[in-house]
Amino acid sequence: MGISADQIRGLHKYEIRILLILERLMRRYRWVPLDIIKKTIGLSESEVSYRLGRLMEGGFVRFDTVPYEGYSLIFQGYDALALISLSKKGTLQALGCMIGEGKEAVVYEGLGLSSVALKFHHVGQRSFQSARVTREYIPDEGHCPWLIASRLSAEREYEALRKLHPDVSVPLPVDINRHTIVMEFIPGATLNRCSLETPRDILLEIIENVKLAYHAGVIHSDLSEYNVMHDGYRCYLIDWPQWVGTDHLNAEELLLRDLGNISRYFNRRYRVDLPPAEAYEMVTR
Ligand SMILES: Nc1ncnc2c1ncn2[C@@H]1O[C@H](COP(=O)(O)OP(=O)(O)O)[C@@H](O)[C@H]1O
Ligand SMILES: [Mg+2]
(Lines give C-alpha, C1' and ligand atoms only; values in the text may rest on other atoms or scores of the structure.)
(Ligands and ions follow the chains in the order given, each with its own letter.)
Protein backbone atom coordinates (compact mmCIF):
# COMPACT_ATOMS: atom_id res chain seq x y z
CA MET A 1 0.00 0.00 0.00
CA GLY A 2 0.93 3.65 -0.24
CA ILE A 3 0.86 6.26 -2.92
CA SER A 4 3.04 6.54 -6.01
CA ALA A 5 3.84 9.28 -8.49
CA ASP A 6 2.39 7.16 -11.31
CA GLN A 7 -0.88 6.86 -9.49
CA ILE A 8 -1.11 10.63 -9.10
CA ARG A 9 -0.16 11.22 -12.72
CA GLY A 10 -2.85 8.73 -13.73
CA LEU A 11 -5.61 10.79 -12.18
CA HIS A 12 -7.96 12.35 -14.73
CA LYS A 13 -8.92 16.00 -14.22
CA TYR A 14 -12.52 14.98 -13.45
CA GLU A 15 -11.20 12.63 -10.80
CA ILE A 16 -9.19 15.41 -9.21
CA ARG A 17 -12.28 17.59 -9.34
CA ILE A 18 -14.29 14.92 -7.53
CA LEU A 19 -11.62 14.62 -4.84
CA LEU A 20 -11.74 18.39 -4.31
CA ILE A 21 -15.52 18.35 -4.12
CA LEU A 22 -15.46 15.53 -1.59
CA GLU A 23 -12.90 17.38 0.48
CA ARG A 24 -15.12 20.44 0.54
CA LEU A 25 -18.39 18.58 1.13
CA MET A 26 -16.95 16.50 3.91
CA ARG A 27 -17.15 19.53 6.12
CA ARG A 28 -20.89 18.95 6.00
CA TYR A 29 -21.25 15.23 5.30
CA ARG A 30 -19.35 12.28 6.61
CA TRP A 31 -20.58 10.37 3.59
CA VAL A 32 -21.42 12.47 0.58
CA PRO A 33 -24.49 11.21 -1.30
CA LEU A 34 -24.07 10.59 -5.04
CA ASP A 35 -26.79 13.09 -5.91
CA ILE A 36 -24.95 15.88 -4.20
CA ILE A 37 -21.72 15.03 -6.00
CA LYS A 38 -23.53 14.94 -9.34
CA LYS A 39 -25.23 18.25 -8.71
CA THR A 40 -22.03 19.93 -7.64
CA ILE A 41 -19.81 18.73 -10.43
CA GLY A 42 -22.23 19.08 -13.35
CA LEU A 43 -21.14 15.99 -15.30
CA SER A 44 -23.32 13.22 -16.63
CA GLU A 45 -24.39 10.45 -14.30
CA SER A 46 -22.38 7.83 -16.20
CA GLU A 47 -19.25 9.98 -16.19
CA VAL A 48 -19.49 10.57 -12.43
CA SER A 49 -20.10 6.89 -11.71
CA TYR A 50 -17.19 5.87 -13.90
CA ARG A 51 -14.83 8.37 -12.25
CA LEU A 52 -15.94 7.39 -8.75
CA GLY A 53 -15.38 3.75 -9.67
CA ARG A 54 -11.81 4.51 -10.71
CA LEU A 55 -11.18 6.54 -7.56
CA MET A 56 -12.41 3.64 -5.43
CA GLU A 57 -10.25 1.15 -7.30
CA GLY A 58 -7.24 3.38 -6.72
CA GLY A 59 -8.04 3.54 -3.01
CA PHE A 60 -8.68 7.29 -2.96
CA VAL A 61 -12.36 7.17 -2.12
CA ARG A 62 -14.61 4.84 -0.27
CA PHE A 63 -18.27 3.98 -0.70
CA ASP A 64 -20.48 2.94 2.16
CA THR A 65 -24.07 2.00 2.68
CA VAL A 66 -24.07 2.42 6.45
CA PRO A 67 -25.38 4.63 7.97
CA TYR A 68 -26.55 5.72 4.51
CA GLU A 69 -25.21 5.51 0.98
CA GLY A 70 -22.41 7.89 0.33
CA TYR A 71 -18.82 8.47 -0.68
CA SER A 72 -15.99 9.70 1.44
CA LEU A 73 -12.45 10.77 0.91
CA ILE A 74 -9.88 8.52 2.59
CA PHE A 75 -6.27 9.29 3.46
CA GLN A 76 -4.87 8.32 0.10
CA GLY A 77 -7.25 10.77 -1.60
CA TYR A 78 -6.27 13.49 0.82
CA ASP A 79 -2.58 12.67 0.23
CA ALA A 80 -3.16 12.97 -3.51
CA LEU A 81 -4.69 16.43 -3.13
CA ALA A 82 -1.74 17.62 -1.07
CA LEU A 83 0.75 16.21 -3.59
CA ILE A 84 -1.05 17.80 -6.52
CA SER A 85 -1.03 21.20 -4.79
CA LEU A 86 2.62 20.93 -3.81
CA SER A 87 3.70 20.01 -7.31
CA LYS A 88 1.58 22.75 -8.89
CA LYS A 89 3.29 25.21 -6.60
CA GLY A 90 6.70 23.92 -7.60
CA THR A 91 7.66 22.72 -4.12
CA LEU A 92 7.76 19.16 -5.36
CA GLN A 93 9.26 17.83 -8.58
CA ALA A 94 9.16 14.11 -7.89
CA LEU A 95 7.88 11.66 -5.34
CA GLY A 96 10.19 8.87 -4.24
CA CYS A 97 9.86 5.87 -1.96
CA MET A 98 8.31 5.50 1.44
CA ILE A 99 11.03 5.88 4.06
CA GLY A 100 9.08 5.63 7.27
CA GLU A 101 5.72 4.55 8.56
CA GLY A 102 4.65 5.21 12.12
CA LYS A 103 1.41 5.13 14.04
CA GLU A 104 0.22 8.51 12.86
CA ALA A 105 2.31 9.43 9.84
CA VAL A 106 3.84 8.16 6.64
CA VAL A 107 7.10 9.66 5.37
CA TYR A 108 8.27 9.68 1.74
CA GLU A 109 11.38 10.88 0.05
CA GLY A 110 10.87 13.49 -2.63
CA LEU A 111 12.64 15.95 -4.83
CA GLY A 112 12.05 19.68 -4.78
CA LEU A 113 14.79 22.24 -5.20
CA SER A 114 16.78 19.75 -3.19
CA SER A 115 16.11 16.43 -1.54
CA VAL A 116 13.05 16.61 0.71
CA ALA A 117 11.09 14.43 3.09
CA LEU A 118 7.29 14.53 2.87
CA LYS A 119 5.43 13.70 6.02
CA PHE A 120 1.76 12.86 5.58
CA HIS A 121 0.02 13.07 8.94
CA HIS A 122 -2.56 10.30 9.26
CA VAL A 123 -4.12 10.86 12.63
CA GLY A 124 -6.93 8.61 13.68
CA GLN A 125 -6.43 6.33 10.73
CA ARG A 126 -7.13 3.23 12.75
CA SER A 127 -9.78 4.56 15.07
CA PHE A 128 -11.74 6.52 12.46
CA GLN A 129 -11.31 4.54 9.29
CA SER A 130 -10.89 0.88 10.12
CA ALA A 131 -13.73 -1.43 10.89
CA ARG A 132 -17.31 -0.62 10.08
CA VAL A 133 -18.36 -1.18 13.68
CA THR A 134 -16.14 1.55 15.05
CA ARG A 135 -17.64 4.12 12.73
CA GLU A 136 -20.95 4.00 14.47
CA TYR A 137 -19.28 5.51 17.50
CA ILE A 138 -17.94 8.57 15.81
CA PRO A 139 -19.52 11.57 17.44
CA ASP A 140 -20.57 14.58 15.46
CA GLU A 141 -22.01 12.89 12.40
CA GLY A 142 -21.51 15.13 9.41
CA HIS A 143 -17.97 16.11 10.28
CA CYS A 144 -14.71 14.58 9.51
CA PRO A 145 -12.52 14.31 12.59
CA TRP A 146 -9.55 12.48 11.03
CA LEU A 147 -9.18 15.05 8.26
CA ILE A 148 -9.13 17.92 10.70
CA ALA A 149 -6.97 16.16 13.28
CA SER A 150 -4.39 15.30 10.63
CA ARG A 151 -4.20 18.84 9.33
CA LEU A 152 -3.85 20.24 12.84
CA SER A 153 -1.10 17.77 13.62
CA ALA A 154 0.85 18.84 10.52
CA GLU A 155 0.36 22.51 11.33
CA ARG A 156 1.56 21.96 14.84
CA GLU A 157 4.72 20.16 13.72
CA TYR A 158 5.42 22.79 11.08
CA GLU A 159 5.08 25.51 13.68
CA ALA A 160 7.72 23.84 15.86
CA LEU A 161 10.15 23.46 12.96
CA ARG A 162 9.64 27.12 12.03
CA LYS A 163 10.27 28.23 15.59
CA LEU A 164 13.33 26.07 16.10
CA HIS A 165 15.21 26.01 12.82
CA PRO A 166 18.13 26.80 12.53
CA ASP A 167 19.02 27.37 16.19
CA VAL A 168 18.02 23.85 17.13
CA SER A 169 19.12 20.98 14.92
CA VAL A 170 15.81 20.07 13.25
CA PRO A 171 15.03 19.54 9.55
CA LEU A 172 14.53 22.79 7.63
CA PRO A 173 10.77 23.28 7.05
CA VAL A 174 10.11 23.87 3.36
CA ASP A 175 6.35 23.95 2.85
CA ILE A 176 3.05 22.68 4.17
CA ASN A 177 -0.17 21.73 2.42
CA ARG A 178 -3.21 20.34 4.19
CA HIS A 179 -1.91 17.50 6.40
CA THR A 180 1.46 17.23 4.66
CA ILE A 181 4.72 18.88 5.54
CA VAL A 182 7.72 19.14 3.29
CA MET A 183 11.08 19.39 5.01
CA GLU A 184 14.76 18.92 4.40
CA PHE A 185 15.70 15.29 3.83
CA ILE A 186 18.13 14.03 6.47
CA PRO A 187 20.48 11.46 4.93
CA GLY A 188 20.84 9.37 8.03
CA ALA A 189 19.05 6.98 10.33
CA THR A 190 17.29 7.10 13.66
CA LEU A 191 19.53 6.31 16.64
CA ASN A 192 18.03 2.87 17.21
CA ARG A 193 19.43 1.93 13.79
CA CYS A 194 22.85 3.60 14.18
CA SER A 195 25.99 2.37 15.80
CA LEU A 196 27.57 5.49 17.26
CA GLU A 197 31.33 5.77 17.65
CA THR A 198 31.29 8.67 20.11
CA PRO A 199 28.05 8.09 22.01
CA ARG A 200 28.90 10.42 24.91
CA ASP A 201 29.49 13.38 22.59
CA ILE A 202 26.29 12.67 20.75
CA LEU A 203 24.30 12.40 23.96
CA LEU A 204 25.66 15.80 24.98
CA GLU A 205 24.81 17.19 21.56
CA ILE A 206 21.22 15.97 21.99
CA ILE A 207 20.99 17.50 25.45
CA GLU A 208 22.36 20.76 24.07
CA ASN A 209 19.62 20.81 21.43
CA VAL A 210 16.93 19.99 23.99
CA LYS A 211 18.28 22.94 25.95
CA LEU A 212 18.18 25.29 22.96
CA ALA A 213 14.59 24.22 22.25
CA TYR A 214 13.70 24.69 25.89
CA HIS A 215 15.07 28.20 25.87
CA ALA A 216 13.04 28.85 22.72
CA GLY A 217 9.99 27.82 24.77
CA VAL A 218 9.51 24.34 23.31
CA ILE A 219 9.51 20.84 24.83
CA HIS A 220 9.48 17.92 22.41
CA SER A 221 7.36 15.54 24.55
CA ASP A 222 7.99 12.42 22.48
CA LEU A 223 11.76 12.28 22.48
CA SER A 224 13.41 8.87 22.19
CA GLU A 225 16.01 7.04 20.12
CA TYR A 226 13.32 6.75 17.41
CA ASN A 227 12.97 10.51 17.04
CA VAL A 228 16.61 11.50 16.81
CA MET A 229 18.43 11.00 13.51
CA HIS A 230 22.16 10.95 12.93
CA ASP A 231 23.82 11.47 9.56
CA GLY A 232 27.38 10.55 10.49
CA TYR A 233 28.22 14.12 11.49
CA ARG A 234 25.49 15.48 13.69
CA CYS A 235 22.11 14.66 15.11
CA TYR A 236 18.68 16.05 14.30
CA LEU A 237 15.61 16.03 16.49
CA ILE A 238 12.57 15.04 14.42
CA ASP A 239 8.83 14.32 14.88
CA TRP A 240 7.43 17.38 16.67
CA PRO A 241 3.60 17.35 16.42
CA GLN A 242 3.09 16.75 20.14
CA TRP A 243 5.42 19.52 21.38
CA VAL A 244 4.25 21.69 24.26
CA GLY A 245 5.30 25.11 25.45
CA THR A 246 7.52 25.49 28.51
CA ASP A 247 4.53 27.16 30.19
CA HIS A 248 2.50 23.93 29.89
CA LEU A 249 1.04 22.53 33.08
CA ASN A 250 3.10 19.32 32.80
CA ALA A 251 6.18 20.90 31.26
CA GLU A 252 8.56 19.65 33.92
CA GLU A 253 7.23 16.11 33.81
CA LEU A 254 7.34 15.96 30.00
CA LEU A 255 10.87 17.32 29.84
CA LEU A 256 12.01 14.82 32.45
CA ARG A 257 10.38 12.01 30.52
CA ASP A 258 12.13 13.09 27.29
CA LEU A 259 15.48 13.22 29.05
CA GLY A 260 14.81 9.94 30.84
CA ASN A 261 14.09 8.17 27.52
CA ILE A 262 17.30 9.44 25.99
CA SER A 263 19.59 8.82 28.94
CA ARG A 264 18.12 5.37 29.52
CA TYR A 265 18.77 4.49 25.89
CA PHE A 266 22.39 5.65 25.99
CA ASN A 267 22.92 3.82 29.23
CA ARG A 268 21.44 0.58 27.98
CA ARG A 269 23.06 0.57 24.58
CA TYR A 270 26.42 2.32 25.22
CA ARG A 271 26.86 2.27 28.99
CA VAL A 272 27.05 6.05 29.04
CA ASP A 273 25.85 7.25 32.39
CA LEU A 274 23.99 10.55 32.68
CA PRO A 275 21.22 10.63 35.28
CA PRO A 276 18.05 12.34 33.99
CA ALA A 277 18.10 14.74 36.95
CA GLU A 278 21.55 15.91 35.90
CA ALA A 279 20.44 16.26 32.28
CA TYR A 280 17.46 18.25 33.54
CA GLU A 281 19.83 20.59 35.37
CA MET A 282 21.88 21.05 32.20
CA VAL A 283 18.79 21.88 30.14
CA THR A 284 17.04 24.27 32.51
CA ARG A 285 20.03 26.03 33.95
N1 LIG B 1 13.42 14.90 7.49
C2 LIG B 1 13.58 13.58 7.36
N3 LIG B 1 14.56 13.08 6.57
C4 LIG B 1 14.73 11.76 6.42
N5 LIG B 1 13.96 10.82 7.03
C6 LIG B 1 12.97 11.25 7.83
C7 LIG B 1 12.73 12.64 8.05
N8 LIG B 1 11.68 12.76 8.90
C9 LIG B 1 11.29 11.50 9.18
N10 LIG B 1 12.06 10.58 8.56
C11 LIG B 1 11.94 9.11 8.65
O12 LIG B 1 10.57 8.77 8.81
C13 LIG B 1 10.36 8.11 10.04
C14 LIG B 1 9.04 8.56 10.67
O15 LIG B 1 9.08 9.95 10.90
P16 LIG B 1 8.56 10.61 12.24
O17 LIG B 1 8.61 12.08 12.05
O18 LIG B 1 9.32 10.06 13.41
O19 LIG B 1 7.02 10.18 12.28
P20 LIG B 1 6.25 9.02 13.10
O21 LIG B 1 7.16 8.45 14.13
O22 LIG B 1 5.08 9.72 13.66
O23 LIG B 1 5.87 8.05 12.04
C24 LIG B 1 11.57 8.43 10.89
O25 LIG B 1 11.84 7.39 11.79
C26 LIG B 1 12.67 8.56 9.87
O27 LIG B 1 13.19 7.30 9.52
MG1 LIG C 1 8.74 9.15 15.17
Worksheet item: Applying the selection to the range 197-209, what residues are within 26 Å of residue 121 (Cβ to Cβ) and in contact with a Leu (Cβ under 7 Å, 6 or more places away or on another chain)?
Response: 209
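Filter the range 215-244 down to the residues that are of a type in the set (A, V, I, L, M, F, W, C) and either within 11 Å of ligand 2 (Cβ to nearest atom) or touching a Gly at 6+ places or on another chain (Cβ under 6 Å) (or both) and list them by number.
Filtering the range 215-244 down to residues of a type in the set (A, V, I, L, M, F, W, C) leaves 216, 218-219, 223, 228-229, 235, 237-238, 240, 243-244.
Listed by number, the residues that qualify are 223, 228, 229, 237, 238, 240.
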Item to complete: Tally the residues that are touching a residue at least 60 places away in the same chain (Cβ under 8 Å) and either of a type outside the set (Ser, Thr, Tyr) or open to solvent by 50 Å² or more (accessible area, probe 1.4 Å) (or both), restricting the search to the range 167-191.
Response: 16
Worksheet entry | Filtered residues of the range 53-73 (kept if of a type outside the set (Ser, Thr, Tyr), buried (at least 21 other Cβ atoms within 10 Å of the Cβ) and within 19 Å of residue 12 (Cα to Cα)) | 55, 60, 61, 73
Worksheet item: Checking residue 212 against (1) more than 13 Å from ligand 2 (Cβ to nearest atom); (2) assigned to a loop (DSSP other than H, G, I, E, B); (3) surrounded by fewer than 18 Cβ atoms within 10 Å (Cβ to Cβ), which test does it fail?
Response: (2)
Response to the item:
Note on residue 28: of the conditions (1) within 25 Å of residue 6 (Cα to Cα); (2) touching a residue at least 40 places away in the same chain (Cβ under 8 Å), unmet is (1)
Response to the item:
Going through the range 97-115 in order, the residues found to be more than 8 Å from ligand 1 (Cβ to nearest atom) and over 25 Å from residue 61 (Cβ atoms) are 111, 112, 113, 114, 115
Discussion item. Looking only at the range 229-285, count every residue that is touching a Lys or Arg at 6+ places or on another chain (Cβ under 9 Å) and assigned to a helix (DSSP H, G or I) and tell me the total.
Written reply: 6
Worksheet entry | residue 262 vs. criteria under 19 Å from residue 168 (Cβ atoms), away from ligand 1 (no atom under 16 Å from the Cβ) and crowded, with 17+ Cβ neighbours inside 10 Å | no
Fill in: Which numbered condition residue 197 fails, given (1) on the phi < 0 side of the Ramachandran plot; (2) in a loop (DSSP other than H, G, I, E, B); (3) in contact with an Asp or Glu (Cβ under 8 Å, 6 or more places away or on another chain)
(3)
Fill in: Index of the failed condition, residue 239 passing every other in (1) touching a residue at least 40 places away in the same chain (Cβ under 8 Å); (2) within 16 Å of ligand 1 (Cβ to nearest atom); (3) on the phi < 0 side of the Ramachandran plot; (4) open to solvent by less than 60 Å² (accessible area, probe 1.4 Å)
(3)
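The values are calculated or read from the model by the stated rules, or taken from the named source; none is laboratory data. Computed from a predicted structure; not experimentally measured. Reconstructed Cβ throughout: ideal geometry from the backbone, glycine too, with neighbour counts over all protein chains shown. What goes into the accessible areas is simple: the full protein's heavy atoms, side chains included, and nothing from ligands, DNA or RNA. Shrake-Rupley method; radii C 1.70, N 1.55, O 1.52, S 1.80 Å.
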